[in-house]
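Below: one structure, written as C-alpha cells.
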C-alpha cells in the first residue's frame with residue numbers, strides 16, 4: 001500500500017479513539033463525499049479493521065453527513081484496549097472541564 005494521505009491518516013487516528021468518523025459535507029460536493037468515503041476504506045485497510053461508510057440524504061440546508069465506522073473488531077483484545085483508551089481519554093477530558101468536587105460537610109441543625 002502506498003503512503004496514506006493526510007485524510008486517511010486523520011480518519012485512522014480518529015477511528016482508533018472514537019470508532020467512527022463523521023463529517024458534514026455540502027451535498028453538491030460529491031468529490032469531497034467520495035474522498036471521505038474512500039479515505040475511510042483506506043484507513044480500515046491501514047488498521048486491518050472492517051469498515052463501513054455511508055452518507056445521509058441531503059438535509060434542509062443541502063448537507064449530507066458522511067460516516068465511517070468500524071463494522072467489526074479484528075479481535076477482542078483490540079476492542080478491550082480501545083474501550084479502555086476511550087474511557088481514559090473521556091475521564092481526562094471531564095477532569096479538565098469540571099472543577100474538582102468539594103467535600104460535603106453535614107449541616108448542623
Among residues belonging to the range 56-79 that are touching a strand residue (DSSP E or B) at 6+ places or on another chain (Cβ under 6 Å) and in contact (Cβ under 8 Å) with a residue 40 or more places away in the chain, point out the one that is nearest to residue 10 (Cα to Cα). 68
Go through the range 10-55 residue by residue and tally those that are farther than 27 Å from residue 84 by Cα, out of contact with any strand residue (DSSP E or B) (no Cβ under 7 Å at 6 or more places or on another chain) and in a loop (DSSP other than H, G, I, E, B). 2
Among the numbered criteria (1) surrounded by 12 or more Cβ atoms within 10 Å (Cβ to Cβ); (2) not in a helix (DSSP H, G or I), which single criterion is violated by residue 60? (1)
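In the range 1-11, how many residues are surrounded by 12 or more Cβ atoms within 10 Å (Cβ to Cβ) and at pLDDT 95 or above? Full working, then the answer.
Quick first cut of the range 1-11, residues surrounded by 12 or more Cβ atoms within 10 Å (Cβ to Cβ) only: 4-5, 7-11.
From the residues that got through so far, the ones that are at pLDDT 95 or above too are 7-11.
Going through the range 1-11 one residue at a time, the tally reaches 5.
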Can you find even one residue in the range 21-36 that is surrounded by 14 or more Cβ atoms within 10 Å (Cβ to Cβ), under 24 Å from residue 3 (Cα atoms) and touching a helix residue (DSSP H, G or I) at 6+ places or on another chain (Cβ under 6 Å)? yes
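The values are calculated or read from the model by the stated rules, or taken from the named source; none is laboratory data. What you are looking at is a predicted structure, and each value in this text was computed from that prediction instead of being measured. Virtual Cβ from ideal backbone geometry, glycine too; neighbours counted across all protein chains shown.
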